[in-house]
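Shown next, in structure tokens, is the structure this report addresses.
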Amino acid sequence: MAMLAGEREYGYGIKQAFEAKFGDLLPVMNAGQIYSTLARLERDGLVVGEVVPGDNRGKRLYQLTDAGRQELAGWIETPVPGARLKDEFFMKFAVATSVGLADPMTLIERQRLEYLQSLRDLDAAPDGKGPAAQLLVDGAILHLKADLEWLDLIESRLTQWERVG
Amino acid sequence: MTVLLEGKGLVKTYGDGTKVEAVRGVDLTLERGEFVALMGPSGSGKSTLLNLLAGLDRPTAGEVWLDGQRIDRMSEAALAKIRRRKVGVVFQFFNLLPTLSAAENVVLPMLLVGRGRGDARRAVVPLLDGLGLAGRHDAAPKQLSGGQQQRVALARALANSPDLLVGDEPTGNLDSVAAKEVLGLLRETHQAGQTLLLATHDARVAAAADRVITLRDGQVSGEKVLQRARPVDFPFDGDRWS
């Protein structure tokens with residue numbers, strides 16, 4: 001819907017704009033997904049599509065309805081959840097260590113290497129990608145530093161628990 | 001690759017009655033041109049180990065070899081001479097002499113190895129300029145920001161083109177912007193061939209190293225070799241956004 005916030009657009013144009021903006025961030029949407037989404041939004045009265053007079057290909061040009069604009073504004077205005085309790089590493093860690101599939105310290109050490117390497121990758125990323133990319137890099141670096149501190153914390157807690165027995 | 005620095009079975013114990021074992025049997029080798037980071041929680045023995053390897057402190061047991069010479073049993077005078085020529089040190093709190101200007105702080109170690117004053121004064125100019133301190137040569141340390149002071153300290157450490165540059169939390173007392181600048185300069189010196197050994201809490205500093213050695217309770221608990229930076233996939237082109 002955000003792709004329709006500006007001008008009216010064809011389904012194919014939406015797909016292109018979406019890929020240009022979020023190509024690597026979100027999975028590629030195929031044309032079928034785009035059109036089925038548009039059909040659902042149209043059914044719900046959030047977008048309206050019409051055939052352009054004189055266009056004999058039968059392509060429909062879509063635009064947001066007032067309800068659609070409201071829906072989009074509501075989505076934009078709602079803050080995203082802050083708590084990140086779903087962590088892939090920790091899920092693996094908890095599962096693997098509880099059933100004895102892996103040595104906890106080895107998992108921590110491997111993950112630490114991956115985070116350090118990622119930090120190195122980000123620090124070496126070219127600055128010339130633009131201001132938005134730079135903000136993303138800075139954010140990712142802060143998250144990685146927190147993740148590394150978290151690994152330190154997990155490791156020291158485990159060591160304490162082992163000592164206590 | 002040739003070995004520049006080697007610690008063998010290093011132990012350092014403090015105190016007479018209740019002994020504190022700060023370093024408990026560490027073996028560590030640094031190749032010439034390598035950048036190694038020492039990480040570990042406070043009290044893990046990083047600084048003590050760094051001091052032993054840099055010849056700033058002597059081990060209770062074990063050996064330290066620098067550039068083919070065993071340094072841990074040398075006389076204080078002989079060790080001081082080696083340190084001045086072969087080891088540059090950067091500390092967390094800069095440790096500049098407050099009564100000397102930035103340039104004079106850097107000239108001093110050059111005089112200590114017997115260079116003439118005029119020659120040293122000339123050599124300092126490109127060194128300080130290269131570290132982004134053009135126009136600040138005559139400033140007193142207290143007139144400089146933390147980042148600038150650390151850059152002067154880096155120039156002082158590099159003054160005699162040491163074989164080994166060691167740093168104890170070189171970004172530990174800097175804000176994130178200054179820390180990034182100092183790290184960038186350390187990385188540049190490494191790229192120019194400088195061998196680096198840094199003790200650090202800062203993951204970003206560690207991530208710049210070729211090898212990260214983790215200490216825990218005075219012993220090596222982990223060692224990681226980092227690869228060249230991998231390309232980063234950006235989720236979108238930054239210029240499409242603003």
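The values are calculated or read from the model by the stated rules, or taken from the named source; none is laboratory data. Keep in mind the model is a prediction, meaning the values are calculated, not measured. Cβ sites come from the backbone with ideal geometry, for glycine too, and all protein chains shown count toward neighbours.
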Report whether or not A:LYS59 is surrounded by fewer than 16 Cβ atoms within 10 Å (Cβ to Cβ), without any contact (Cβ under 8 Å) to a residue 40 or more places away in the chain and either more than 10 Å from chain B (Cβ to nearest Cβ) or in contact with a Leu (Cβ under 6 Å, 6 or more places away or on another chain) (or both). no
Consider the stretch A:114-139. How many of its residues are buried (at least 16 other Cβ atoms within 10 Å of the Cβ), closer than 20 Å to B:ALA203 by Cβ and either more than 7 Å from chain B (Cβ to nearest Cβ) or not polar (S, T, N, Q) (or both)? 11
Count of the stretch B:23-39 residues which are surrounded by 24 or more Cβ atoms within 10 Å (Cβ to Cβ) and not in a strand (DSSP E or B): 0
Restricted to the stretch B:138-147, and to residues that are part of a helix (DSSP H, G or I) and touching a residue at least 40 places away in the same chain (Cβ under 8 Å), which residue is surrounded by the fewest Cβ atoms within 10 Å (Cβ to Cβ)? B:LYS142
Yes or no: B:ARG121 free of Cβ contacts under 8 Å to residues at least 12 places away in the same chain and on the phi < 0 side of the Ramachandran plot? no
Mind counting the residues in the stretch B:159-193 that are crowded, with 21+ Cβ neighbours inside 10 Å and touching a strand residue (DSSP E or B) at 6+ places or on another chain (Cβ under 8 Å)? 8
More than 14 Å from chain A (Cβ to nearest Cβ), among the hydroxyl-bearing types (Ser, Thr, Tyr) and touching a strand residue (DSSP E or B) at 6+ places or on another chain (Cβ under 7 Å): which single residue out of B:SER47, B:SER75 fits that description? B:SER47
Taking the condition at pLDDT 95 or above and crowded, with 21+ Cβ neighbours inside 10 Å, does B:LYS12 pass? yes
Of everything in the stretch B:193-237 that's under 15 Å from the mean Cα position of the chain (by Cα) and in a loop (DSSP other than H, G, I, E, B), which residue is farthest from B:ALA179 (Cα to Cα)? B:GLY193
Test of understanding: among B:LEU111, B:LEU127, B:LEU133, which residue is assigned to a helix (DSSP H, G or I) and buried (at least 16 other Cβ atoms within 10 Å of the Cβ)? B:LEU127
Regarding the stretch A:77-89, can at least one residue be identified that is closer than 30 Å to B:ARG211 by Cβ and either touching a strand residue (DSSP E or B) at 6+ places or on another chain (Cβ under 7 Å) or in a helix (DSSP H, G or I) (or both)? yes
In the list B:SER161, B:SER221, which residue meets the criterion of being small (Gly, Ala, Ser) and touching a Leu at 6+ places or on another chain (Cβ under 7 Å)? B:SER221
Looking at the stretch A:148-165, which of the residues that are in contact (Cβ under 8 Å) with a residue 40 or more places away in the chain and within 17 Å of A:LEU113 (Cβ to Cβ) is farthest from the chain's Cα centre (by Cα)? A:GLU155
Conditions (1) within 12 Å of chain A (Cβ to nearest Cβ); (2) more than 26 Å from B:LEU56 (Cα to Cα); (3) modelled with pLDDT under 95; number of the one not met by B:VAL225: (3)
